[in-house]
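Visitor: Would you mind keeping the following structure in view while I ask a few things?
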Amino acid sequence: MELRLDGKVALVTGGGKGLGRACALAFARAGADVAICDVDETAAAAVKAEIEAANQRCFTGSCNVSSAAEVKEFFHGAVEALGSLDITLNNAGVSAPIVPLAETEEADFDRLMSVNLKGVWLCLREALRIMEPQGQGNIINMDSALGRRTFPGVGLYVSSKFAVAGLTRNTAIEYAEKGIRINAMCPGNVATPLLVSSTTEEMQGILADQHPMKRLGTEEEIANLALFLASDASSFMTGELVAADGGWTAL
Ligand SMILES: NC(=O)c1ccc[n+]([C@@H]2O[C@H](COP(=O)([O-])OP(=O)(O)OC[C@H]3O[C@@H](n4cnc5c(N)ncnc54)[C@H](O)[C@@H]3O)[C@@H](O)[C@H]2O)c1
């Protein structure tokens, strides 16, 4: 079955790089117009050019997902520019240094929770406020394999992602009768700018070894899952935490 999003409008947070960029491009190639925000305006502008080269419309904004005011302005700007909001991928996220919990810093806790949890909550809330009156919508939260399993040294990141899992499932139940589906994606490790900047090559080898398939995932493999969840092919799915992790959570 070919997965198409013709006539749909999709919004992707953190769409300038890594998994967000790959998902935004997959949505555009499937026929969607796409809104992307990023704190990195140069990266967002480059992705906008790629989306327009695929003959789809693109709206960009510099929005920090931790700011309620910026989230509201960006979401409403997207609807005004592109006409509606059918799909939202709450993807923007950050990592923290790999250390035992006794060595974690308050600043890292605040930054992680403010982007990975508060940012997802703010974007989820804004999407619901737009989608509920429309009577339809599809929301995907970017979680992680580490929203379903543990890994020593990343307790703060794991906590933020377990929280996203809870938020996803609880909200999905609240909105299941209102035509709005909400699922989470749980990727294993992928060599995106986030992973490469926060780990050594040796660590990336160790991470690859953790996955039963003995390799890291690719951005395209995660974008394929996003496209499936964004499309009507997944129309009976809501409240799911869907893994694409080379078997990591099956261990
Ligand atoms: N890379 C992996 O192995 C992996 C695995 C599982 C889950 N994830 C999750 O996928 C998401 C994307 O990760 P990635 O690896 O592509 O990261 P990345 O750093 O490569 O890309 C993230 C993008 O989000 C933007 N961003 C960061 N903070 C932002 C904010 N406050 N507001 C708006 N934009 C912001 C960045 O500028 C960047 O362009 C994150 O939620 C991450 O936790 C990544």
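Visitor: Checking A165 against (1) over 15 Å from the mean Cα position of the chain (by Cα); (2) more than 11 Å from the ligand (Cβ to nearest atom); (3) under 19 Å from A226 (Cα atoms), which test does it fail?
Guide: It fails just one condition, (1).
Visitor: Still on this structure, please answer the following. All but one of (1) of a type in the set (A, V, I, L, M, F, W, C); (2) in a helix (DSSP H, G or I); (3) more than 16 Å from the chain's Cα centre (by Cα); (4) within 19 Å of A250 (Cα to Cα) hold for I222; state the number of the condition that does not hold.
Guide: (3)
Visitor: Just to be sure I understand, how many residues within the stretch 22-39 are within 23 Å of V115 (Cα to Cα) and assigned to a loop (DSSP other than H, G, I, E, B)?
Guide: Residues flagged as within 23 Å of V115 (Cα to Cα) and assigned to a loop (DSSP other than H, G, I, E, B) within the stretch 22-39 amount to 2.
Visitor: Run down N170, N183, N224 and say which single residue is within 19 Å of G18 (Cα to Cα) and more than 13 Å from the ligand (Cβ to nearest atom). Steps first, please.
Guide: Details: N170 fails: within 19 Å of G18 (Cα to Cα); N183 fails: within 19 Å of G18 (Cα to Cα).
The unique qualifying residue is N224.
Visitor: What residue, of L124, L117, is among the hydrophobic types (A, V, I, L, M, F, W, C) and either in contact with a strand residue (DSSP E or B) (Cβ under 9 Å, 6 or more places away or on another chain) or more than 20 Å from K72 (Cβ to Cβ) (or both)?
Guide: Values: L117 fails: either in contact with a strand residue (DSSP E or B) (Cβ under 9 Å, 6 or more places away or on another chain) or more than 20 Å from K72 (Cβ to Cβ) (or both).
Matching residue, one of L124, L117: L124.
Visitor: What are the residues in the stretch 47-78 that are touching a Leu at 6+ places or on another chain (Cβ under 8 Å), within 16 Å of A32 (Cβ to Cβ) and assigned to a loop (DSSP other than H, G, I, E, B), if any?
Guide: Selection gives A54, R57.
Visitor: Just to check your reading of the model, which residue among A43, A81, A22, A28 is within 19 Å of the chain's Cα centre (by Cα), more than 11 Å from the ligand (Cβ to nearest atom) and surrounded by 15 or more Cβ atoms within 10 Å (Cβ to Cβ)? Please lay out each step first, then the result.
Guide: Values: A43 fails: more than 11 Å from the ligand (Cβ to nearest atom); A81 fails: within 19 Å of the chain's Cα centre (by Cα); A22 fails: more than 11 Å from the ligand (Cβ to nearest atom).
A28 is the lone residue from the list that is within 19 Å of the chain's Cα centre (by Cα), more than 11 Å from the ligand (Cβ to nearest atom) and surrounded by 15 or more Cβ atoms within 10 Å (Cβ to Cβ).
Visitor: Additional query: Which of the following residues is within 20 Å of T192 (Cα to Cα) and not hydroxyl-bearing (S, T, Y): C23, C63? Don't jump to the end; show me each part of the working.
Guide: Details: C63 fails: within 20 Å of T192 (Cα to Cα).
Only one candidate qualifies: C23.
Visitor: Do you know which of the residues in the stretch 121-151 that are more than 8 Å from the ligand (Cβ to nearest atom) and aliphatic (A, V, I, L, M) is nearest to A68 (Cα to Cα)?
Guide: The extreme case among them is L122.
Visitor: If you don't mind, there's one more thing I want to ask. Considering only the stretch 90-106, I want to know if a residue exists there that is under 19 Å from L229 (Cβ atoms), surrounded by 16 or more Cβ atoms within 10 Å (Cβ to Cβ) and not polar (S, T, N, Q). It would help to see each step written out before you state the result.
Guide: To start, the set of residues in the stretch 90-106 that are under 19 Å from L229 (Cβ atoms) comprises 90-93.
Filter once more, keeping what is surrounded by 16 or more Cβ atoms within 10 Å (Cβ to Cβ): 90-93.
Those left that are additionally not polar (S, T, N, Q): 92-93.
Yes, some residue in the stretch 90-106 is under 19 Å from L229 (Cβ atoms), surrounded by 16 or more Cβ atoms within 10 Å (Cβ to Cβ) and not polar (S, T, N, Q).
Visitor: Only one of S67, S95, S62 is within 11 Å of the ligand (Cβ to nearest atom), within 23 Å of K161 (Cβ to Cβ), of a type outside the set (K, R) and free of Cβ contacts under 8 Å to residues at least 60 places away in the same chain. Can you tell me which?
Guide: One residue alone meets the criteria, S67.
Visitor: For the stretch 3-19: of the residues being more than 7 Å from the ligand (Cβ to nearest atom) and part of a strand (DSSP E or B), which is farthest from the chain's Cα centre (by Cα)?
Guide: V9
Visitor: Still on this model: If a residue must be among the aliphatic types (A, V, I, L, M) and either within 7 Å of the ligand (Cβ to nearest atom) or at positive phi (or both), how many such residues does the stretch 187-210 contain? Explain how you work it out, then say what you get.
Guide: Of all residues in the stretch 187-210, those among the aliphatic types (A, V, I, L, M) come to 190-191, 194-196, 203, 206-208.
Narrowing further to those that are either within 7 Å of the ligand (Cβ to nearest atom) or at positive phi (or both): 190, 194-195.
Total meeting the criteria: 3.
Visitor: Tally up the residues in the stretch 31-40 that are touching a strand residue (DSSP E or B) at 6+ places or on another chain (Cβ under 6 Å) and near the ligand (Cβ under 10 Å from one of its atoms), please.
Guide: Total satisfying the criteria: 2.
Visitor: Select from the stretch 190-219 the residues that are modelled with pLDDT of 95 or more and under 14 Å from the mean Cα position of the chain (by Cα) and list them in ascending order.
Guide: V190, T192, E219
The values are calculated or read from the model by the stated rules, or taken from the named source; none is laboratory data. Since this is a predicted model, take the numbers as computed values, not measurements. Using ideal geometry, Cβ is built from the backbone for each residue, glycine included, and neighbour counts are taken over all protein chains shown.
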